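S.K.: Mind looking over this structure? Questions follow.
The values are calculated or read from the model by the stated rules, or taken from the named source; none is laboratory data. Since this is a predicted model, take the numbers as computed values, not measurements. Counting neighbours? That spans all protein chains shown, and the Cβs are built from the backbone with ideal geometry, glycine included. For accessibility, only protein heavy atoms count, side chains too; no ligands or nucleic acids. Shrake-Rupley method; radii C 1.70, N 1.55, O 1.52, S 1.80 Å.
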Amino acid sequence: MARVAFIGLGNMGGGMAANLAKKGHDVRAFDLSVEALDRAKAAGCLPAGSAAEALDGAEAVVTMLPAGKHVESVYTDAVFVTAPTSAILIDCSTIDVATAKRLAEAAQAKGFTAVDAPVSGGIGAANAGTLTFMVGGSAEGFDRAEPFLSDMGKAVIHAGVNGSGQAAKIVNNMLLGVTMVGTCEAFLLAQKLGLDPQKFFDISSVSSGQSWSMTSYAPLPGVGPDTPADHEYQGGFATALMLKDLRLAMEAAANADADTPMGAKAAELYEKFNADGQGKVDFSGIIRMLDGTA
């Protein structure tokens, strides 16, 4: 087992750090939140008084932070200064592709090996250790990061060079945002045409309209498997986080000169839903905006 510095113990990071500790790693955890540090301690991690303290002697460094600017600040002010160059740097945050590439290049220039490894699965999967990791980096970097990621997830996939993990994450979530809006529209139209929602689910879930948003995350309560829709759209994947990923996707599309009209429309709709004060609501709750009940 290894000494791991884990920086960022929010809704996702807390569960991830706890799973590393359960696997026997010596996890030195840091977060600005005292409450988060207390939860990490209860989960078997050793709370650190600063990022530098957590990084001292680390064999792996895992960051799970809100945005690229936060990752860049931690890398520049702490990781590059304190961590041993022998440590593998694993950023599991969801950030823009350009920043991920820039940080990997800066890490290499200082003698580190870094990978970007954003996640799919949400808070429940973070706590259960069943996340999917999309990893961008060299073959060496992937091989070094994979054992740590496997201790936090069910699937670890090498997406390509540095930045590819972030690209895979934001493109995947753009598709998710688009299909969820389409699924919501389909259920509402089916109801207006007199179809029973469960009957429509039974048909569409085994027909050409099938998607993950339909089969595994149906946005109507009482239809299909248990989802946030069955709990007043609480838990799951917050609208604000979906919007963050859609904004990153639109930024990446603009930089790549890619035409994404459906992605742009999904982003527009989630911008409105979020602006209506629904940022903490599960993203499938957008069905209530579409039917006028939000």
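S.K.: Express the carbon and sulfur contribution to the solvent-accessible surface of the stretch 117-275 as a percent, rounded to the nearest whole number, probe 1.4 angstrom. Display every interim value, and only then the final one.
M.R.: Values: 4390 of 7430 Å².
Within the stretch 117-275, the accessible surface is 59 percent carbon and sulfur.
S.K.: Another question, then. For the stretch 1-49, which whole-number percentage of the solvent-accessible area (1.4 Å probe, protein heavy atoms only) is attributable to carbon and sulfur atoms? Kindly include the intermediate steps, with their values, before the conclusion.
M.R.: Details: 1190 of 2240 Å².
Carbon-and-sulfur percentage of accessible area, whole number: 53.
S.K.: Ratio of Rg to Rh for the chain, alpha carbon only, Kirkwood?
M.R.: On the Cα set of the chain, Rg over Rh gives 1.01.
S.K.: Under a point-charge model restricted to the Cβ atoms of Lys and Arg (+1) and Asp and Glu (-1), what is the dipole moment magnitude of the chain relative to its Cα centre, in debye to the nearest 20? Kindly include the intermediate steps, with their values, before the conclusion.
M.R.: Numbers: 21 positive and 32 negative charges, 36 e Å.
Approximately 180 debye in magnitude.
S.K.: If you average the alpha carbon positions of the stretch 123-163 and of the stretch 165-242, how far apart do those two centres end up, in angstrom?
M.R.: After rounding, the separation between the Cα centres reads 26 Å.
S.K.: Using only the alpha-carbon atoms of the stretch 175-294 as identical scatterers, what base-10 log of I(q)/I(0) does the Debye formula give at q = 0.12, 0.18 Å⁻¹?
M.R.: With one equal scatterer per Cα and no solvent, log10 I(q)/I(0) is -0.42, -0.91.
S.K.: Can you work out the base-10 log of I(q)/I(0) for the stretch 60-155 at q = 0.12, 0.13, 0.19, 0.23 1/Å, using the Debye formula on its C-alpha atoms alone?
M.R.: Computed log10 I(q)/I(0) values: -0.34, -0.40, -0.85, -1.21.
S.K.: Can you put Leu175, Leu220 in order of accessible area, largest first, using a 1.4 Å probe? Please report the intermediate quantities before stating the final value.
M.R.: Numbers: Leu175 105, Leu220 25 Å².
Reading off the accessible areas and sorting them downward yields Leu175, Leu220.
S.K.: To continue, here is another question. At Ala106 and Gln198, where each label point lies 7 Å from the Cα along Cα→Cβ, what is the point-to-point distance in nanometres?
M.R.: That separation, rounded to one decimal, is 5.5 nm.
S.K.: Looking at the P(r) of the stretch 242-294, how many percent of alpha-carbon pairs lie beyond 15 Å?
M.R.: Roughly 45 percent, once rounded to a whole number.
S.K.: In Å², and per residue, what accessible area does the chain have when probed at 1.4 Å with the other protein chains present? Let's see the in-between values first.
M.R.: On the way: 13100 Å² over 294 residues.
Dividing the accessible area of the chain by its residue count gives 45 Å².
S.K.: To check you understand DSSP bridge types, tell me what percent of the beta bridges within the chain (both residues inside) are antiparallel, rounded to 5.
M.R.: Working: 4 of 29 bridges.
Expressed as a percentage, antiparallel bridges in the chain total about 15.
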